[in-house]
Amino acid sequence: MSFIDHLEALRWHIIRSAISIVVFATAAFFAKDFLFHDLILGPSRADFWTYRMFCRFGQWIGAPDLCMDKVGFIIQNREMSGQLTMHISTSFMVGLVLAFPYTFWEIWRFIKPGLYPHEQKNSQGAVFFVSVLFALGLLFGYYIAAPLSINFLASYTVDPTIENQIDLQSYLSTLTTMSISTAFVFELPMIVFFLAKAGLITPEIMRLYRKHAIVVILIVAAVITPPDISAQIIVTIPILILYELSINIARVVARGRTAALNAQLAENDGVSS
């Protein structure tokens with residue numbers, strides 16, 4: 001294919017991806033009650049699933065302080081067109097998130113024909129695993145990281161006489177940043193897998209720089225969470241687990257590369273003899 005033909009193919013992949021985003025965004029726009037009352041504003045109420053689970057866990061271990069029986073803030077809209085604008089932008093954001101697996105599949109369809117046969121074989125299941133990790137990260141961010149951040153920021157006061165009245169945009173920004181950030185952070189195993197396949201990273205390097213990686217992980221957790229040590233720890237733990245999992249993935253890939261190289265050398269020796 002010529003360069004123009006590649007651009008034409010890419011254009012249609014982009015068009016189909018955009019259509020999927022618009023379809024999901026439209027569906028989210030008309031599902032306003034569920035989108036805002038149940039999904040977006042869920043972490044702002046004391047009956048949210050995460051708060052109830054923490055309360056049960058606190059009762060089980062004898063730590064009643066874990067029970068978040070109230071959320072001490074009020075969400076306000078201070079602009080005339082604020083709610084309409086928020087409705088449209090939130091629907092578009094939800095469309096992007098829901099269409100992510102299909103959009104990635106479209107991008108992968110464009111990239112895959114340019115790979116060598118062994119590269120295509122090595123990357124089988126990429127769309128599935130990328131989508132699963134994205135969904136797991138999104139759920140972790142929405143049900144764990146975001147509620148803890150919102151609860152901490154909402155309950156923090158410098159004086160009891162000051163009432164927290166949170167702007168709708170500020171609340172939504174915190175929720176989406178926490179959820180989507182963790183969704184992309186959870187892609188670490190797939191990133192390591194492709195880097196290991198390309199020979200750019202090895203398990204020995206990852207073990208050697210484990211201490212440095214822990215520092216980076218702590219910085220990332222501090223960036224995507226509020227200045228609350230408990231929230232930072234809760235976000236740091238799964239990222240550390242993903243890093244250790246990525247080391248094992250790199251080790252398996254390295255073994256496969258070594259086995260393939262030994263088989264090729266044996267085959268060359270057989271041909272030369």
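Around Ile166, which amide H atoms from residues at least 5 apart in sequence, or from another chain, sit under 5 Å from its own amide H, with H modelled in the peptide plane?
Ile74, Ile75, Gln76
Please enumerate, by chain and number, the lysines with C-alpha under 30 Å from the C-alpha of Lys32, excluding those fewer than 8 residues away in the same chain.
Cross-link targets: Lys70.
Tabulate in residue order the Karplus-calculated ³J(HN,Hα) for the stretch 135-150, using 6.51 cos²θ - 1.76 cosθ + 1.60 with θ = phi - 60°, rounded to whole Hz; enter x for Gly and Pro.
3J(HN,Hα) across the stretch 135-150, in whole Hz: 5, 5, x, 5, 5, 5, x, 6, 8, 10, 5, 5, x, 5, 5, 5.
Counting only protein chains, not ligands or nucleic acids, how are Ser20, Ser155 ordered by accessible area (probe 1.4 Å), most first?
Descending order: Ser155, Ser20.
Apply 1/(1 + (r/R0)^6) to the Cβ-Cβ distance of Ile241 and Thr161, taking R0 = 51 Å, and write down the FRET efficiency to the nearest 0.05.
Calculated transfer efficiency: 0.75.
Per residue Cα convex hull volume for the stretch 3-270, in cubic angstrom?
Cα convex hull per residue, to the nearest whole number: 173 Å³.
Find how much the distance from Phe129 to Ile74 grows on full extension, using 0.36 nm per residue of separation minus their present alpha carbon separation; answer in nm with one decimal.
15.9 nm is the gain from fully extending Phe129 to Ile74.
Please calculate how many Å² of accessible area the stretch 3-270 carries per residue, with a 1.4 Å probe and no DNA, RNA or ligand atoms counted.
61
Under 26 Å between alpha carbons, and skipping anything fewer than 8 positions from Lys121 in its own chain: which lysines qualify?
Output for Lys121: Lys112, Lys197.
Please report the carbon-and-sulfur percent of the accessible area for the chain; probe 1.4 Å, protein heavy atoms only, DNA, RNA and ligands left out.
Reported share for carbon and sulfur atoms: 68 percent.
The values are calculated or read from the model by the stated rules, or taken from the named source; none is laboratory data. Given the structure is predicted, the values throughout are model-derived calculations rather than measurements. Don't worry about glycine lacking a Cβ; one is built from the backbone with ideal geometry, like all the others, and counts go over all protein chains shown. Heads up: the accessible areas ignore ligands, DNA and RNA and are worked out on the full protein's heavy atoms, side chains in. Shrake-Rupley method; radii C 1.70, N 1.55, O 1.52, S 1.80 Å.
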